[in-house]
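Right, one structure below, let's go through it.
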Amino acid sequence: MDTPTINDLNICVATENGSGSASSNNILFKAIFKMGVPCSSKNMFPSNIQGLPTWYEIRASAEGYLSRKDVIDVMVMFNDATAAKDIHRVRDGGLILYDDSTPLPANLRRDGVQYIGFPANKLVTKLVPASPLRAKQRNMVYVGALAYLFGIDMEVIKAVLEDTFGKKPAVIESNLLCIDAGYQYLKEESATQNIARLEQIPNGNKGKIITEGNTAAAIGAIYGGASVICWYPITPSSSLAESMEYYLPRLRKPKDGKKTYAIIQAEDEIASAGMIVGAGWAGARAMTSTSGPGVSLMNESIGLAYYAEVPCVFLIVQRGGPSTGLPTRTQQSDISLMYGASHGDTRHILLIPHDMNSCFDFARRSFDFADRFQTPVFVAMDLDLGMNLWSSEPLKLEKEPYELGKRLGAEQLEEWAKAGKKFRRYFDQDGDGIPYRTVPGNQHPMASYFTRGSGHDADAKYSEDENDYKYILDRVRKKFETARKFVPKPIIERERGVKTGIVCYGSSYEPVREARDRLKARGLKTNYMLIRALPLTGEVRDFLAEHDTIYLVEQNRDAQMAAIVKDEQPEVGAKIVSVLVYNGLPVTAGEVVKQIFDAAQSAQPKTATA
Amino acid sequence: MAEAKLNRINLSEKDYEGAASTMCRGCGHDAISASVMRAYFESSIDPRKVIKLSGIGCSSKTPAYFLSQSFGFNAVHGRMSAVATGANLANHKLMPIGVSGDGDTSAIGLGNFCHMMRRNVNITYIVENNGVYGLTKGQFSATADVGSVMKGGKVNDIPAIDLAELAITLGATYVARSFSGDRKQLTPLVQGALAHSGSAILDVISPCVTFNNHEGSTKSLKYAKGHLDPIHDLDFIPPFENIDADYEEGTDHEVKLHDGSRIRLHKLGKDYDPTNKMQAITAIHAAIAEGKFLTGLIYYNPNRKEFAEELNLCDTPLSDLTQDDLQPTLEQLQQINGNLMK
Ligand SMILES: Cc1ncc(C[n+]2csc(CCOP(=O)(O)OP(=O)(O)O)c2C)c(N)n1
Ligand code: SF4
Ligand SMILES: [Mg+2]
């Protein structure tokens, strides 16, 4: 038998949606975090409120890898509906925990794994009075069982319960009772396992926080000055707007004794987009949050904002494709949708966060980009970032003044007037493609103008003249080129002489980090680039040019980022090998490693000439 | 040359004009624009405090043809209600006027329109209702009456959406109907709408002389004129005209608006109380049954807060807030971080 690893463990809890397991899993995850062990969690949940299967994976990693792990060491088999499949997901030598209140059916036995049973049902029946709560408390028993088996101190669990349910001592007590029952039961049985031990690491997670990207982005948007927020519920973005609803009254000081923000649940995404275009036009920092289906509905207004040059922010949490089925699974499949949203020629700025701090930071700065470039700005998140709990460095605020761009107040216009300068709303006065703007409420006689979509000249007068139209199109494109110099630069790690590059973006960051270490261990050294924005910056271009082979990791079927790269830099096209993961699950390092080795093998003769 | 007449803020009627209209000659929409300009002039409203919003259609082009000193936004088809809602939240000190068509409002934009009224967003919202899509050349709209004939001979057999009734039902707080050619009635109704705070909906029959003015159309100039059913004559009295408080002879009702102005209603037939919702809806239906257009101030509700007030927005427009107002402190972030460590 193997010797147990220290702090290296991947637990999968299989339950039914709506059975209360979210709370148990949370406690388990936070307990491991509190022990100081680097850890991450992935919630694979259905589009359903009650009854469909859900899996929650908790990974403890001594080395600090936070992506989803390929192998499951321990399966908590608490969902009869999926048990037959679940038993085969555990690695050989792994462990299956189950409720032995009733005997285990023969078809749920397999070889090569250890089984440990405990009578969760019977225990809660004894401990908890009959109530709808009882079924939920059953899930607390496996927390205790795992705690005993892997060495999570009950004191730590108590502390987590207190943090979580601080003001409800009765809830703490009843949960603790059930957890302890699981713990004591296995203790009396002298159950043992040989897979792993969790050991406290003093100061291990000291100073770290646990949060979700949606929370981080919500707080970021508040710090960024969002004042008109219009949204329509959709998973996985709802919790972003709901976090704003929670934090806004707590963070924003009132003015004139009243609110400094309007947060509106609109009637649909068409309305939320229309509202923020109206609000952005009228000078507020306006935003919406949604995911792919919402972006589809918002398309027309996005184009209007692009052509009318109205600042507005779209925080997008990507998920699976249309309609029912995969809304609760993660994807990066709306990159091209966002980049080219709407009709006519359009190109949009995308800020692409990859961790909690960049969710916070990019959401905050998105308003500066929108105001500076007078255009819609997208923050391209995904479900894995947005809805899973991540351990992270604390959110860090760069104290910098809001960038309001070329917005002219009445006093500035008066200076212009005195200097004999004209205000021309859509004229490229500075040669950077960015015009000056005024907002309603500015009462200077020169301020007002009439806003339209595409049919206007440099002075905002109605025009269908071909030259006027072309002027506007070309100038807006020029503005985009200017943006290239301002958007977040990629993060690059490179060593001289290494000719293979791995490129990724967003939530692929963690698995790729791990994959690179594994590749290196197997003899393949790679340089690395994390793309953090569109348009692509010069640094991205250089990195691509400098490498012979580029593995571009994306979470979509059609290699959407690769298409954008090839479009802008056709000469690197032949060097790009796409590594595509699009099954709706958070990417694992193993998948990345496997695809890269497979590609390297089959491409060997070609790469030299690429 | 005679001096141009000036209003209380020293502006002449010319100061309320806009670019030259591009409507067909004789289009009802131009007549409405004329009443709108007149209403602003008469009420002495500063055009720089007005924002003009519209969707897409012939009607939606008209905001360019009045109040050239105001900011304007000709948005996309059917979305004016949403855009206006956002603009209103960003700066609730401004006075929004929205101009839309029957297609823009009752078809593609119906959903957003309904929700704007539910929220009672402060706006003067004029539907220039001609029963057709003018700009796309004459297709039926959702306000075409049953039995109305299209230019090509096609007869509409789907019931019309009655925008006034819809507005009353969904929460609008000032609902009127009028006719583009009835300047005497329309102008005070617009003035009242401008003075009102909340969603003021004006459904104005506005014949499309090019695509819907033929025999058989129920929105032709001739048909509309012959089937108007006014509830009352009305006068608008701005707050600055301190006429004695007594009712004039024949005044049955006086509607007091938020800003102190008043509308005096002089009955033409039966008693009519515009604050009575059920009576308003019944009257609309009775007129429809007779094939008539009920016109006048059909409904008025003084008791609802407009949306920005309901939301308790600060007096300073959100668009004028500074980083100091909007950005929480570093200490607050540290506190959040502390809570997220648990
Ligand atoms: C999304 C979209 N669909 C269709 C159109 C084409 N379109 C332009 S105006 C219009 C109808 C306008 O009718 P109405 O609102 O009644 O205005 P009118 O021209 O009659 O004043 C349509 C369908 C459009 N501009 N946008
Ligand atoms: S087509 Fe009809 S609605 Fe349009 S401008 Fe001409 S008359 Fe007016
Ligand atoms: Mg029409």
What number of residues within segment B:46-61 are near ligand 2 (Cβ under 9 Å from one of its atoms) and more than 10 Å from every other protein chain (Cβ to nearest Cβ)?
3
Filtered residues of segment B:70-124 (kept if away from ligand 1 (no atom under 11 Å from the Cβ) and among the charged types (D, E, K, R)):
B:93, B:118, B:119
Filter result (near ligand 1 (Cβ under 9 Å from one of its atoms) and either surrounded by 24 or more Cβ atoms within 10 Å (Cβ to Cβ) or more than 14 Å from chain A (Cβ to nearest Cβ) (or both)) within segment B:126-136:
B:127, B:128, B:129, B:130, B:131, B:132, B:133, B:134, B:136
Is it the case that residue B:171 is in contact (Cβ under 8 Å) with a residue 40 or more places away in the chain and touching a helix residue (DSSP H, G or I) at 6+ places or on another chain (Cβ under 7 Å)?
yes
For helices (runs of 4 or more DSSP H) lying entirely in segment B:229-342, having 1 or more residues that are within 14 Å of another protein chain (Cβ to nearest Cβ) and not hydrophobic (A, V, I, L, M, F, W, C) picks out B:307-310, B:323-326, B:330-340
Suppose the filter is farther than 17 Å from residue A:556 by Cα, among the hydrophobic types (A, V, I, L, M, F, W, C) and more than 14 Å from chain B (Cβ to nearest Cβ); does residue A:351 pass it?
yes
Evaluate the following for residue B:97: is it farther than 29 Å from residue B:139 by Cβ, more than 16 Å from ligand 2 (Cβ to nearest atom) and more than 7 Å from chain A (Cβ to nearest Cβ)?
no
Considering only helices (runs of 4 or more DSSP H) wholly within segment A:66-179, the ones with at least 1 residues that are touching a Pro at 6+ places or on another chain (Cβ under 6 Å) are A:80-86
Residue set B:127, B:121; condition within 14 Å of ligand 2 (Cβ to nearest atom), closer than 17 Å to residue B:99 by Cα and under 17 Å from the mean Cα position of the chain (by Cα); output residue B:127
May I ask you to verify whether residue B:153 is in a loop (DSSP other than H, G, I, E, B), without any contact (Cβ under 8 Å) to a residue 24 or more places away in the chain and within 22 Å of residue B:211 (Cα to Cα)?
yes
Quick one: residue A:235 ticks every box in (1) in contact (Cβ under 8 Å) with a residue 40 or more places away in the chain; (2) buried (at least 24 other Cβ atoms within 10 Å of the Cβ); (3) among the hydroxyl-bearing types (Ser, Thr, Tyr) except a single one, so which number is it?
(2)
Report yes if some residue within segment A:167-174 is within 14 Å of chain B (Cβ to nearest Cβ) and either touching a residue at least 40 places away in the same chain (Cβ under 8 Å) or closer than 30 Å to residue A:251 by Cα (or both); otherwise report no.
yes
For segment B:2-27, which positions are closer than 17 Å to residue B:67 by Cα, buried (at least 16 other Cβ atoms within 10 Å of the Cβ) and within 15 Å of ligand 2 (Cβ to nearest atom)?
B:21, B:23
Single residue of segment A:11-31 satisfying the filter (assigned to a loop (DSSP other than H, G, I, E, B) and free of Cβ contacts under 8 Å to residues at least 40 places away in the same chain) that is nearest to residue A:175 (Cα to Cα)
A:18
Please state which of the following conditions residue A:163 fails to meet, knowing it meets all the rest: (1) of a type outside the set (Lys, Arg); (2) surrounded by fewer than 24 Cβ atoms within 10 Å (Cβ to Cβ); (3) without any contact (Cβ under 8 Å) to a residue 60 or more places away in the chain.
(3)
Suppose the filter is of a type in the set (Val, Ile, Thr) and closer than 30 Å to residue A:59 by Cα; does residue A:330 pass it?
yes
Selection from segment B:52-64 of residues that are closer than 21 Å to residue A:446 by Cβ and either within 16 Å of ligand 3 (Cβ to nearest atom) or touching a helix residue (DSSP H, G or I) at 6+ places or on another chain (Cβ under 6 Å) (or both):
B:52, B:63
Under 21 Å from residue A:323 (Cα atoms) and of a type in the set (S, T, N, Q): does that describe residue A:288?
yes
Among the residues of segment B:280-296, is there at least one that is modelled with pLDDT of 95 or more and aromatic (Phe, Trp, Tyr)?
yes
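Matching residues to (1) outside the structural domain of residue A:105 (by TED's automatic domain parsing); (2) buried (at least 18 other Cβ atoms within 10 Å of the Cβ); (3) in contact with a Leu (Cβ under 6 Å, 6 or more places away or on another chain); (4) not β-branched (Val, Ile, Thr):
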site	(1), (2), (3), (4)
A:30	no, yes, no, yes
A:38	no, yes, no, yes
A:41	no, yes, yes, yes
A:76	no, yes, yes, no
A:88	no, no, no, yes
Would you check if there is a residue in segment A:563-573 being among the aliphatic types (A, V, I, L, M) and assigned to a loop (DSSP other than H, G, I, E, B)?
no
Please specify each residue of segment B:36-63 satisfying the condition of being in a helix (DSSP H, G or I) and within 16 Å of ligand 1 (Cβ to nearest atom).
B:36, B:58, B:59, B:60, B:61, B:62, B:63
Could you please find all residues in segment B:80-130 being farther than 17 Å from residue B:176 by Cα, more than 16 Å from ligand 3 (Cβ to nearest atom) and not in a helix (DSSP H, G or I)?
B:91, B:92, B:93, B:94, B:95, B:96
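So that you can scan it fast, the table gives a plain yes or no per residue for (1) facing another protein chain (nearest Cβ under 10 Å); (2) surrounded by fewer than 17 Cβ atoms within 10 Å (Cβ to Cβ); (3) not in a loop (DSSP other than H, G, I, E, B):
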residue: A:434; (1), (2), (3): no, no, no
residue: A:440; (1), (2), (3): yes, no, no
residue: A:447; (1), (2), (3): yes, no, no
residue: A:458; (1), (2), (3): no, no, no
residue: A:464; (1), (2), (3): no, yes, no
residue: A:470; (1), (2), (3): no, yes, yes
residue: A:473; (1), (2), (3): no, yes, yes
residue: A:476; (1), (2), (3): no, no, yes
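The values are calculated or read from the model by the stated rules, or taken from the named source; none is laboratory data. Everything numeric here is computed off the predicted structure, so don't read it as measured data. Heads up, the Cβs are rebuilt from the backbone with ideal geometry, glycines too, and the neighbour counts pull from every protein chain shown.
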